[in-house]
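Q: Have a look at this one before I ask anything.
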Amino acid sequence: MYDLTARKVVDEVSVAGGVRYVIWSQNGAYVAFMSKHNVLLAGKNLEYYHSFHENIRVKSGAWDENGVFVYATLSHVKYCLPNGDSGIIHSLPTPIYIVRVHKQTLYFIDREQKVNKMRLNCSEYLFKLSLHKRNFNDVKMWMTNGRLCGNAVIGYLKSKGFPEVALHFVEDQQTRFNLALEYGHIEEAMTAAAELDDTSCWNRLGLEALRQGNQQIVEMVYQKTMNFDALSFLYLITGNTNKLKKMLKIAEKRGDVMSRFNNALMLGNVEERVKIMAETGQVPLAALTAKAHNLTEFMEKLEDQLQSNDISAHIPNKTRL
C-alpha cells in the first residue's frame with residue numbers, strides 16, 4: 001500500500017504466486033489478492049486474515065455487503081469468510097466472471113460477453129458469518145429458513161465450540177444424546193436418554209454423571225438399569241445408611257446371597273452376616289464370626305449344629321476364641 005502524496009510505503013503483505021487482481025470490498029474494510037491458483041484475504045491495513053490454494057484456476061471474485069468473498073473457479077462458485085471458513089455455493093456448467101455480489105444476487109459476465117445475474121443460496125455462509133459474529137438470533141433464523149440442520153452443520157457447531165446451539169435444532173434423540181453427553185450437558189442428555197430408554201445410553205449417562213459428581217442422576221441411572229451392586233456402593237460412599245439397609249432387604253427378596261452379604265458387610269451388620277453364612281451351609285465360618293464378635297445368642301445354636309454334624313472336631317484349637 002503506497003501513499004502517493006508522501007511517496008512512501010504505508011503497509012505491505014506477502015502474497016505467493018504473483019498477484020493478478022486486487023479486489024476491495026465496497027466499504028474498504030477488506031481486500032482480496034488473487035493469483036492463478038491462490039487467494040489471500042486481508043484487512044484495510046493489509047493485516048493478514050487468511051489464504052488458500054485452489055487446484056484449478058481462480059477466474060474472478062467480489063465481496064458481498066456482509067464482508068464475504070465470493071469467487072469463481074472454472075467449475076464452481078465458492079465463498080470464503082475472513083476467518084477462513086469456506087465452502088461451495090454451487091457448480092458451474094461454463095466459466096463466469098463475477099462483477100458484483102449484492103443481496104444474495106450474483107452479477108457476472110459469461111464468455112459470450114453477456115451480463116447476467118443469478119440468485120445465490122447464501123444460507124450456509126450467512127449462517128457461519130452470524131455464528132462468527134455471535135448473532136444467535138440470525139443463527140437461528142438461517143438454520144430454520146435455510147434448512148441447515150444436517151450433520152455437517154452440527155459438526156461445524158461442535159468444532160466452533162457451540163454445541164448448545166445445535167441442541168436447539170437437532171430433533172433426532174440419539175444425536176441429541178451424543179451431542180449433549182460429549183459436551184457435558186447432563187440434563188439434556190438425561191432427557192434424550194429417557195426418550196431412547198436404551199441400556200447402553202443409560203450406562204453412558206451414568207458414567208458422565210459420576211464424572212461430574214451428579215449424585216442424583218447417578219442414583220437414578222443405577223436404579224433404572226437395576227445395577228444393585230453399584231447402587232449399594234454409591235450409598236456406602238455417600239454415607240446413606242438408610243438406603244443401604246433397603247438394599248439389604250431388596251437383596252434378600254431377590255435371593256441374591258452375595259449382594260446380601262456385601263450389603264451386610266458395608267453396613268457392619270455382623271448378625272446378618274452370621275445368618276447368611278449359616279443359611280448357606282458355611283456353619284464353621286458363621287461360628288467363628290459369632291465368636292469373634294461375641295454374639296452369644298448365635299454361638300450356642302451354631303455350636304450345637306457343629307457338634308451334631310461332627311464339624312467342630314475339624315476346627316483347630318488355636319482358632320477357637
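Q: If I ask for residues that are over 26 Å from Ala192 (Cβ atoms), aromatic (Phe, Trp, Tyr) and open to solvent by 30 Å² or more (accessible area, probe 1.4 Å), which ones from segment 214-257 would you list?
A: If the condition is that a residue be over 26 Å from Ala192 (Cβ atoms), aromatic (Phe, Trp, Tyr) and open to solvent by 30 Å² or more (accessible area, probe 1.4 Å), then Phe233 is the only one that fits.
Q: Could you grab me the full set of residues in segment 162-175 that are modelled with pLDDT of 80 or more and either closer than 23 Å to Met141 by Cβ or crowded, with 16+ Cβ neighbours inside 10 Å (or both)?
A: Selection gives Gln173 alone.
Q: Pick out the one residue from Val77, Val70, Val39 that is in a strand (DSSP E or B), in contact with a helix residue (DSSP H, G or I) (Cβ under 9 Å, 6 or more places away or on another chain), open to solvent by less than 70 Å² (accessible area, probe 1.4 Å) and closer than 27 Å to Leu157 by Cα.
A: Residue meeting the stated conditions: Val70.
Q: State whether the residues of segment 50-66 include one that is touching an Asp or Glu at 6+ places or on another chain (Cβ under 8 Å), modelled with pLDDT of 90 or more and assigned by the TED database to the domain that holds Phe33.
A: Among the residues of segment 50-66, not one is touching an Asp or Glu at 6+ places or on another chain (Cβ under 8 Å), modelled with pLDDT of 90 or more and assigned by the TED database to the domain that holds Phe33, which makes the answer no.
Q: Out of all the residues in segment 42-53, which are free of Cβ contacts under 8 Å to residues at least 40 places away in the same chain and either open to solvent by less than 30 Å² (accessible area, probe 1.4 Å) or over 15 Å from Tyr71 (Cα atoms) (or both)?
A: Those that are free of Cβ contacts under 8 Å to residues at least 40 places away in the same chain and either open to solvent by less than 30 Å² (accessible area, probe 1.4 Å) or over 15 Å from Tyr71 (Cα atoms) (or both): Ala42, Gly43, Lys44, Glu47, Tyr48, Tyr49.
Q: Sort out which residues of segment 264-306 are outside any helix (DSSP H, G or I) and over 54 Å from the mean Cα position of the chain (by Cα), and write them in order of number.
A: Those that are outside any helix (DSSP H, G or I) and over 54 Å from the mean Cα position of the chain (by Cα): Asn294, Leu295.
Q: Residue under question is Lys158, and the condition is that it be touching an Asp or Glu at 6+ places or on another chain (Cβ under 8 Å) and either at pLDDT below 80 or outside any helix (DSSP H, G or I) (or both); does it hold?
A: yes
Q: Name the pairs whose Cβ atoms lie under 7 Å apart, with the first residue in segment 295-311 and modelled with pLDDT under 70, the second in a helix (DSSP H, G or I) and of a type in the set (Asp, Glu), and 6 or more positions between them or separate chains?
A: Listed pairs, sorted by first residue: none to list.
Q: I've got another one for you. For segment 232-249, what are the residues that are more than 17 Å from Arg273 (Cβ to Cβ) and out of contact with any Asp or Glu (no Cβ under 7 Å at 6 or more places or on another chain)?
A: Within segment 232-249, Phe233, Tyr235, Ile237, Thr238, Gly239, Asn240, Asn242, Lys243, Lys246 qualify.
Q: I'm checking my understanding of the structure. Among residues of segment 5-23 that are touching a strand residue (DSSP E or B) at 6+ places or on another chain (Cβ under 8 Å), farther than 27 Å from Arg100 by Cα and not basic (Lys, Arg), which one is most open to solvent (accessible area, probe 1.4 Å)?
A: Checked segment 5-23; the qualifying residue most open to solvent (accessible area, probe 1.4 Å) is Val9.
Q: So, one more: Name the residues in segment 24-35 that are modelled with pLDDT under 90 and open to solvent by 40 Å² or more (accessible area, probe 1.4 Å), would you?
A: Matches in segment 24-35: Gln26, Asn27.
The values are calculated or read from the model by the stated rules, or taken from the named source; none is laboratory data. Keep in mind it's a predicted model, so treat the numbers as computed, not measured. Cβ atoms come from the backbone with ideal geometry, glycine included; neighbour counts cover every protein chain shown. Keep in mind that these areas ignore ligands, DNA and RNA; they rest on the heavy atoms of the full protein, side chains included. Shrake-Rupley method; radii C 1.70, N 1.55, O 1.52, S 1.80 Å.
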